[in-house]
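Below is one structure; the comments refer to it alone.
The values are calculated or read from the model by the stated rules, or taken from the named source; none is laboratory data. Keep in mind the model is a prediction, meaning the values are calculated, not measured. Cβ placement follows ideal geometry from the backbone for every residue including glycine, while neighbour counts extend to all protein chains displayed.
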Amino acid sequence: MFSKEESKKIRQEFWTSFGKAYPRKWLLYNTKIKDVTLKFTFTTKKTQVSIDIEPQDEIIKAYYYDKFLSLKTILTSEYIPEIIFDDNYELENGKIISRVYTEILGLNIHNKKTWDDAMEFLNESMNKLEIFFKEYEDFIKN
């Protein structure tokens, strides 16, 4: 078990290492859609790449989620077959968002032996998600 301080240091070390291994500017928060972001997640339990939809307004949340849902066949057949759609995804803080994501379980940010696998997964998955997002960006926005 790691203290909060030790855990924070390990997480910072991982993300610094990831940035050095894959030095590029990711789309992430720069989607040009206020309530839609692309995210990396790597914890002690899961490794995820996601599109998060988290507006305050439920109507806007449903609108964007439905847009992604309408692209599900394309996303699964051409980009990420194992993508998961969850309209009511609960974050660790208890907030409910809509999330479209891919994940692998069994990797642990506290175990440096799993870092290479996590980095490879994060890089490959985010590349695919960004290509998909850029290709269908106009449809998603309008």
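Residues in the stretch 38-68 that are surrounded by 17 or more Cβ atoms within 10 Å (Cβ to Cβ) and among the β-branched types (V, I, T) were compared, and the one that is nearest to I80 (Cα to Cα) is V49. When we screen I109, I96, I83 for residues that are among the aliphatic types (A, V, I, L, M) and either in contact with a His (Cβ under 6 Å, 6 or more places away or on another chain) or farther than 20 Å from Y63 by Cα (or both), the only hit is I109.
Screening S50 on (1) under 12 Å from F133 (Cβ atoms); (2) in a loop (DSSP other than H, G, I, E, B) shows it passes everything except condition (2). Within the stretch 19-36, residues that are more than 12 Å from I140 (Cβ to Cβ) reach partners that are of a type outside the set (K, R) with beta carbons closer than 6 Å, at six or more positions or on different chains, in the pairs A21/M119; Y22/N123; L27/L38; L27/E130; L28/L38; Y29/T37. If you go through the stretch 44-62 and pick out every residue that is among the hydroxyl-bearing types (S, T, Y) and modelled with pLDDT of 95 or more, you end up with 2. Just to be sure, is E78 outside any helix (DSSP H, G or I) and either in contact (Cβ under 8 Å) with a residue 24 or more places away in the chain or farther than 23 Å from N142 by Cα (or both)? In short, no.
Listed here are the residues, each with its yes/no results for (1) assigned to a helix (DSSP H, G or I); (2) in contact with a Cys (Cβ under 9 Å, 6 or more places away or on another chain); (3) modelled with pLDDT of 95 or more.
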position: W15; (1), (2), (3): yes, no, yes
position: F18; (1), (2), (3): yes, no, yes
position: I33; (1), (2), (3): no, no, no
position: T41; (1), (2), (3): no, no, yes
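Does E13 count as surrounded by fewer than 12 Cβ atoms within 10 Å (Cβ to Cβ) and over 30 Å from I60 (Cβ atoms)? In short, no. Filtering the stretch 84-139 to residues that are of a type in the set (A, V, I, L, M, F, W, C), surrounded by fewer than 18 Cβ atoms within 10 Å (Cβ to Cβ) and either over 15 Å from T41 (Cβ atoms) or free of Cβ contacts under 8 Å to residues at least 24 places away in the same chain (or both) leaves I84, F85, L91, I96, I131, F139. Would a scan of the stretch 104-116 turn up a residue that is in contact with a helix residue (DSSP H, G or I) (Cβ under 9 Å, 6 or more places away or on another chain) and closer than 14 Å to F133 by Cβ? Scanning the stretch 104-116, I find no residue that is in contact with a helix residue (DSSP H, G or I) (Cβ under 9 Å, 6 or more places away or on another chain) and closer than 14 Å to F133 by Cβ, so the answer is no.
One residue is enough: does the stretch 89-96 have a residue meeting the conditions in contact with a helix residue (DSSP H, G or I) (Cβ under 8 Å, 6 or more places away or on another chain), outside any helix (DSSP H, G or I) and not acidic (D, E)? No, because not a single residue in the stretch 89-96 is in contact with a helix residue (DSSP H, G or I) (Cβ under 8 Å, 6 or more places away or on another chain), outside any helix (DSSP H, G or I) and not acidic (D, E). Given the criteria touching a Lys or Arg at 6+ places or on another chain (Cβ under 9 Å), closer than 19 Å to L27 by Cβ and of a type in the set (D, E), does D86 qualify? It is false that D86 is touching a Lys or Arg at 6+ places or on another chain (Cβ under 9 Å), closer than 19 Å to L27 by Cβ and of a type in the set (D, E).
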